[in-house]
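Chemist: Here it is: the structure, laid out below.
Please treat every number below as a calculation from the coordinates, not as lab data. For clarity, every value in this text was computed on a predicted model and none was experimentally measured. Here the Cβ positions follow ideal geometry from the backbone for every residue, glycine too, while neighbour counts run over all protein chains shown.
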Amino acid sequence: MKIDIIGRNYEVSERLKDITAQKLAKLDKYFDGTDTRAKVCFKKEANALTTEVMLDYAGKFVRATASSANFYDNLDVVLPKLEGQIRKHRTRFDKHSKNVAFSSSAVYETADRDEIKASIVKEKKFKLSPMTVDEAKEEMELLGHSFYVFLEAKSNMVQVLYQRNDGDLGLIEPEI
């Protein structure tokens with residue numbers, strides 16, 4: 001597994017890099033090839049330290065984040081989340097490789113938590129009208145929603161504008 005470690009507003013120490021590499025190495029048993037990449041981002045924000053880990057295996061992505069006052073504690077929270085996502089999506093994650101990525105038992109066991117079983121309780125249909133990103137931003141603010149789906153006027157593609165945890169906005173554009 002190739003590991004990229006990034007620090008945003010924080011200088012990552014060698015000790016933290018070593019511990020991160022050791023803990024992520026335990027997930028190697030899920031992946032048979034060397035095409036697995038892990039991107040670990042340590043962010044120092046106003047009041048919290050956030051750790052974000054993204055795994056890329058054969059074009060599939062698994063992502064988890066955690067925030068607290070300590071990056072080392074964040075790793076202990078993020079890794080069981082990643083492993084849970086891998087197990088949850090095992091049939092879709094590596095279907096073409098005969099699920100060899102999931103032949104082992106769990107490395108990181110989580111405490112007994114009630115699994116959230118979400119169901120669709122409301123369906124909503126609406127008409128998309130072409131608009132710019134700035135117009136979509138204004139509409140989202142007027143509605144008071146954390147996201148807004150719209151039809152971008154220039155490309156005629158459906159896009160999603162969303163509110164990020166840090167207060168900024170993000171834009172999701174599909175690739176075809």
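Chemist: By counting other Cβ atoms within 10 Å of each Cβ, how are Lys23, Lys154, Lys60 ranked from fewest to most?
Modeler: Lowest count first: Lys154, Lys60, Lys23.
Chemist: A 24 angstrom limit on the alpha carbon distance is what I want to check against. Which of Lys2/Lys26; Lys60/Lys127; Lys2/Lys117 exceed it?
Modeler: Exceeds cut-off: Lys60/Lys127; Lys2/Lys117.
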